[in-house]
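Asker: First the structure, then my questions, so here it is.
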C-alpha cells in the first residue's frame, strides 16, 4: 500500500448537494486523491482506469433517490462513481451488492451526504460501517461531506436538525467538536458557545461554502468556495469561550498554497483572548 | 390524558401483518380498515412510521392515499425529515390511537428508533393503550426476533421483544425466508413463533394471539415450536375479512361501528363487569 496520510475534508455546507457551482469544494476534495491517481496503479484502491474511485453514502437523507442522482451527475463524468444504500440491500438495488467492506476499502474518496446525523450514525453502527470507515480513514482514503457528512467525523457534534440543539457523539476520528452552517441561523453561534462553555470540547465552527481539510487529526487548511466564507476555532477559556477566526483560502481566486497556511497551530499562537 | 395513562396489560393490542395493507395491496383496504377498527374511538389518530424504508415518499403517499378519506386523523413521522416538525417525538407519539409501521430494513428500523429514543416511546404508547400495527419489518419488530433481508440474504435478527416468540413474514411471497426461520427455530437461535403469509395479520391482545385475519382467500398462518430438536408445526385458523355476517351489514361505517360495539362488549365481559 502507498503510505497515504489519513485525510478528512469537513464541509460546513456546500458541495454538489447545496451549491449551484459547488464544484470548487468538490474539485478540491477530488484533487486530494491525485496522489493515488498517479501512484502505483497496481495497488488496491486505484481504479484500473486511472480515474478516482468515489463512493457516495446518502444514509443521512434516508438514501433519497434525488440526492443519489445528483451525486452521479456531478461525479460520474470524471470518476468511477458508486453509492451504498443501507435501505435497499434486500432488493439488490443498494448500489453495491457485494461485501460493503471490500467495496469501501477500494475507494479513493468516500463522500458522505447531508441530512440527519443521528439517523445516519444509528444506521451506520447497525451495519458496521463505523468500523469500516475507520479502516478506510487509516488507509488514507479521503473522507468528506457537508453538514451531517462533516459532523460525523468529530468526537462531538452540535446537532440542530430537530428541536432544541443537542450534543451528538460522532465517530471520533477527529478529537474536536464541530458546528456546521455557522452563518445560516442566528442562534447557532450562541448555542455552540454555550455548549463549549459548559464542557463540550473545543472545536470548529464552519460556515456554508467553507471546508476544513484535516491531515491526520491536524487541521491542514481551510478553503472556501465563497470569497467571504469563514471558519472559527472555538475553545473554552476563563471568560467563557474564545473564538478565533481561521485563515481561509478562497478557491475561486487562487489555488491553495500549502506553505502559506500553517494551520491550527499558528492560529492558536496568534489568537487574542476575547 | 389520564384515561390513557394506564391500560390493563391484557387489553393492549398489537397487530402484526405478514404482508399487505396500503403499501402492498393498494386496491384492497381490508387489513387497513381492520387496523382502524381496533381503536376505541370513532375517529382515531393514526401515525405512520416509514422508518424502515428510509422514509420514502412512495410509502408516505400510499399511506395518505389510503387514510386521507377515512374516518381517522392520519399523519406520518419521518426521522429523516424532522426539520419540518416542531413537535417533540414524545408529543407526536404519545397522543396516537394507532401507530402503523411500514416495511423495509428491520436492522435500520431498530437502529434508527434506538438512535432517536423512539423504541422506549413506542413501548410507552403501547402501555397507555395505543394500538401498534405494522407489516413485515414493522410486524417482526414487536417480537423477540424474526428473519430479515436487511443485508441481502435472509438472516435471524432480534426485535424489541415486547411480545414473546418470533415471527417470520411473507411466508408465501418470499419463499427463501421460511426455511431460514425454521432452521433458526430448530437450532434455538430464535424462539418458536408464527409464520404469516402475505395478507395475514395476527392480533395480539395482551401478550397472546387473539385472532388471525386475512385480506386474501387462501392465505394462511402457522405456529411453529422446536420440541427436543424437532419442529412441531400447527396451522392457525385465519378469518377471511370482508366475508360473513360483518360484510353483510351494508355500509362500511356501519360495519365498523358494529365491530367496535362488539369489541367493547367483549372487553366489558372479559373484565367480568
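Throughout, read-outs are computed from the coordinates displayed, never taken from laboratory work. Bear in mind that the values here come from a model prediction, so they are computed numbers and not experimental data. Methodologically, a virtual Cβ is constructed for each residue, glycine included, from the backbone with ideal geometry; neighbour enumeration extends over all protein chains shown.
Asker: Taking each residue of A:57-67 in turn, how many C-beta atoms of other protein chains fall within 10 Å of its C-beta, and what is the average?
Answerer: Mean shielding by partner chains, rounded to a whole number: 4.
Asker: Follow-up question, since we're still on this one. Counting only other chains, and only Cβ atoms inside 10 Å, what mean value do you get across the residues of B:111-117?
Answerer: Per residue, the number of nearby Cβ atoms from other chains is 6 on average.
Asker: Once the Cα gyration tensor of the range B:72-181 is found, what semi-axes does its equivalent ellipsoid get, as square roots of 5 times the eigenvalues, in whole Å, sorted largest first?
Answerer: They are 26, 15, 12 Å, listed largest first.
Asker: Oh, and also: Given the DSSP H assignment, sum -39500 (n - 2.57) over each helix run of at least 4 residues in chain B and divide by its residue total; what's the result at 222 nm in deg cm²/dmol, nearest 500?
Answerer: -8500 deg cm²/dmol
Asker: Let me know the volume per residue of the alpha-carbon convex hull for the range B:1-46, in Å³.
Answerer: Taking only Cα atoms, the range B:1-46 has a hull volume of 97 Å³ per residue.
Asker: What's the exposure ranking of B:176, A:191, going from fewest to most Cβ atoms within 10 Å?
Answerer: Going from sparsest to densest Cβ surroundings: B:176, A:191.
Asker: Also: What translational D, rounded to a whole number of µm²/s, comes out for the range A:102-199 from Stokes-Einstein when the hydrodynamic radius is the Kirkwood one over Cα pairs, at 10 °C and 1.306 mPa s?
Answerer: It diffuses with D of about 113 µm²/s by this estimate.
Asker: What's the ranking of A:222-230, B:26-34 by average number of surrounding C-beta atoms within 10 Å, highest first?
Answerer: Sorting A:222-230, B:26-34 by mean packing, highest first, produces A:222-230, B:26-34.
Asker: Oh, and also: Suppose the chain between residue A:238 and residue A:202 were pulled fully straight at 0.36 nm per residue; how much longer would it get relative to their current alpha carbon spacing?
Answerer: Here the segment from residue A:238 to residue A:202 would lengthen by 11.6 nm.
Asker: Per 10 Å bin, what percent of the C-alpha pairs of the range B:176-237 does each bin hold, from zero upward?
Answerer: Each 10 Å bin holds this share of Cα pairs: 22, 47, 29, 2.
Asker: Separation of the range B:218-238 and the range B:145-172 by C-alpha centroid, Å?
Answerer: Rounded to whole Å, the Cα centres lie 16 Å apart.
Asker: Related question: Order B:208-219, B:13-24 from most to least packed using the mean count of other Cβ atoms within 10 Å.
Answerer: Going from most to least packed, we get B:13-24, B:208-219.
Asker: For the range B:106-246, what D do you get in µm² per second when you plug the Kirkwood radius from alpha-carbon pairs into Stokes-Einstein at 25 °C and 0.890 mPa s?
Answerer: 158 µm²/s
Asker: At 1.567 mPa s and 4 °C, plugging the Kirkwood radius over alpha-carbon pairs of the range B:67-110 into Stokes-Einstein gives what diffusion coefficient in µm²/s?
Answerer: The estimated diffusion coefficient comes to 105 µm²/s.
Asker: What fraction, in whole percent, of alpha-carbon pairs in the range B:35-80 exceed 18 Å separation?
Answerer: 29 percent
Asker: Could you work out the per residue convex hull volume over the alpha carbons of the range A:150-257, in cubic angstrom?
Answerer: Measuring per residue, one finds 99 Å³ for the Cα hull of the range A:150-257.
Asker: For chain B, what does the convex hull of the Cα positions come to per residue, in cubic angstrom?
Answerer: Each residue corresponds to 130 Å³ of Cα convex hull volume.
Asker: How long are the semi-axes of the equivalent ellipsoid of the range B:11-88, taking √(5λ) for every eigenvalue λ of the Cα gyration tensor, in whole Å from largest down?
Answerer: Rounded to whole Å, the semi-axes are 20, 16, 13.
Asker: What is the Rg over Rh value, at two decimals, for the range B:139-200, using alpha-carbon atoms and the Kirkwood definition of Rh?
Answerer: My calculation of the ratio gives 0.92.
Asker: Something else about it: If each residue of separation counts as 0.36 nm, what is the full-extension length gain between residue B:43 and residue B:128 once their alpha-carbon separation is subtracted?
Answerer: Answer, rounded to one decimal: 28.8 nm.
Asker: Name the most mobile residue of B:220, B:193, B:229, meaning the one with the largest mean-square fluctuation, in a Gaussian network model of chain B with Cα contacts below 10 Å.
Answerer: It is B:229.
Asker: Evaluate peptide A:113-123: per residue, the Cβ atoms of other protein chains within 10 Å of its Cβ; return the mean as an integer.
Answerer: So the per-residue partner count for this stretch is 5.
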